[in-house]
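The block underneath contains the structure these notes are about, expressed in structure tokens.
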Amino acid sequence: MTIKESFELAKKDYEKWGIQVDHVLEKLQQIPISIHCWQGDDVGGFEVNKSELSGGIDVTGNYPGKARTPEELRNDLEKALTLIPGKHRINLHAIYAETNGEVIDRDELQPEHFANWVKWAKEHDLGLDFNPTLFSHEKAADGLTLSHPDPAIREFWINHCIASRKIGEYFGKELGSTTLTNIWIPDGYKDIPSDRLTPRIRLKESLDKIFAEEIDEQYNLDAVESKLFGIGSESYVVGSHEFYLGYALKNNKLCLLDTGHYHPTEMVSNKISSMLLYSDKLALHVSRPVRWDSDHVVTLDDELKEIALEIVRNDALDKVMIGLDFFDASINRVAAWTIGTRNMIKSLLYGLLMPNDYLKQLQEEGNYTERLALLEEFKTYPFGAIWDYYCEQMGVPVKETWLDVVKEYEKEVLLNR
């Protein structure tokens, strides 16, 4: 049976529930995923005076083929994009600036240092997102940045974040696609602090100074990202969920939820509907925590599907900005991008192919028997046939055939680095 024939049979199963499969695929094609560049080089970046990873970030593994230059990283991203259906975005960190061998500290970064990324994005019809890098730097060596007791260190990082917002605005203007610039900091303490309030006062004051700089929201949106704990900040993180949720709501900023930044029993999927009651938009960094914020490659697990379902059934596809955030150096890095991004898209397709309105009605009626029965039956509906057809229509490899492309690229390119 051909892919088209399997699709037509599967389509009938879904359409008997009123699900217009062709419309679903059109909608899916319009959902951009912001693919993080840092999977390709193990969060190394290209600074002339590069520092060791810090801020509780660790990348394990030494698989051959890590990108060593901006050109290699962009080539690897291009290869991954040929294996991923749809039109997407690329998410950059400030450490991916290109300064032509000149030492430019982070508080002095300019849009010109990302001109090559913008040129490349235009050539490939991609949007760009951005993040200031407040880790892996001598001024973050003690794990404190925007909440640091030293005002000179705070000022350095404030200026870096302001510069980053201007770079985000530049991206938005040049590409005609609004950039999301997200601030995450590693600040916290290893042991139980004697004063939780004062560092948070300093963080709030720093953020107020950063956002006092007028940036056109047509071109750049600001987000703040919380964390539960990290290596070196096991007992206390200054930028907690409650801190940033309050700050975002009060100051009309986006709150970004990283799926690895919460307690293991705390589900991000359960937060989305509540937060959308009070925010016009929110942002996601989708990762897969294993025991801690270990940023494993995203798999098609229950929580990923539940996140997608929450976005779809609450009609929030235009309200939730979806990005990825994982880094695994134990496997082929191009394969990691491909696996993770395809799974994010699969989860959205899964959500779009559910009879969500009818399931909501059953819940309202208290008919929990039929609701549960249908939820379970739809798990074995011919979802794969719809996915295969979508990949074929989008001109990317079907099923696991993409792996052959990655193996060939590894043989011809990655192993020669």
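As a rough guide to protection, the peptides 362-368, 401-407 ranked by mean Cβ packing within 10 Å, highest first, stand as 401-407, 362-368.
Neighbour counts of other Cβ atoms within 10 Å put His263, His296 in the fewest-to-most order His263, His296. The GNM of the chain, with springs linking C-alpha atoms under 10 angstrom apart, assigns the highest mean-square fluctuation among Leu374, Leu284, Leu128 to Leu374.
Think of the chain as a dipole: +1 on every Lys or Arg Cβ, -1 on every Asp or Glu Cβ, centred on the Cα centre; then among Ile339, Thr69, Val224, Ile339 lies furthest on the positive end. Give me the net charge of Leu304's neighbourhood, meaning all other residues with Cβ under 10 Å from the Cβ of Leu304; Lys, Arg count +1, Asp, Glu -1. Result for the neighbourhood of Leu304: -1.
Using a Gaussian network model of the chain in which every pair of alpha carbons under 10 angstrom is joined by a spring, one finds that among Ser164, Ser269, Ser34 the greatest mean-square fluctuation is at Ser269.
Determine the distance separating the Cα centre of the range 378-417 from the Cα centre of the range 233-297; give it in Å without decimals. Taking the Cα centre of the range 233-297 as reference, the centre of the range 378-417 is 31 Å away. Across Leu249, Leu221, Leu309, mean-square fluctuation computed from a Gaussian network of the chain (C-alpha pairs under 10 Å connected) peaks at Leu249.
Using helices alone, I'd like the mean residue ellipticity at 222 nm for the chain: each DSSP H run of four-plus residues gives -39500 (n - 2.57), total over residue count, nearest 500. Kindly include the intermediate steps, with their values, before the conclusion.
Values: 14 runs with 177 residues, N = 417.
Result for the chain, helices only: -13500 deg cm²/dmol.
Against the chain, whose longest principal axis comes from its Cα atoms, helix 356-365 is set at around 80 degrees. Charge tally for Asp318 (other residues, Cβ to Cβ under 15 Å; Lys, Arg +1; Asp, Glu -1): +1.
Listed by chain and number, the lysines whose alpha-carbon sits under 20 Å from that of Lys12, ignoring those within fewer than 8 places in the same chain, are Lys4, Lys27, Lys346, Lys379.
Roughly how big is the chain's charge dipole about its Cα centre, with Cβ charges of +1 (Lys, Arg) and -1 (Asp, Glu), in debye to the nearest 20?
280 debye
Determine, from the Cβ-Cβ distance of Asn416 and Glu123 and an R0 of 30 Å, the FRET efficiency 1/(1 + (r/R0)^6), rounded to the nearest 0.05. About 0.80, to the nearest 0.05.
Compute the signed sum of charges (Lys and Arg +1, Asp and Glu -1) over the other residues within less than 13 Å, Cβ to Cβ, of Glu5. Neighbourhood net charge equals 0. Dipole of the range 267-417 computed with +1 at Lys/Arg Cβ and -1 at Asp/Glu Cβ about the Cα centre; of Thr369, Leu304, Leu414, farthest Cα towards the positive end is Leu414.
The separation of the range 1-78 from the range 157-183, counted between C-alpha centres, amounts to 22 Å. For a straight C-alpha distance cut-off of 16 angstrom, the lysines reachable from Lys122 (same-chain residues fewer than eight places away being disregarded) are Lys87, Lys173.
Using a cut-off of 15 Å between alpha-carbon atoms, which aspartates and glutamates can reach Lys119, once sequence neighbours fewer than 8 places away in the same chain are excluded? Lys119 reaches Glu71, Glu78, Glu98, Asp129, Glu174.
Read-outs throughout are calculated quantities, based only on the coordinates presented, and are distinct from any laboratory measurement. This structure is a prediction, so every number in the text was calculated from the model and none was measured. Here Cβ is always computed from backbone atoms with ideal geometry, including for glycine, and neighbour counts include all displayed protein chains.
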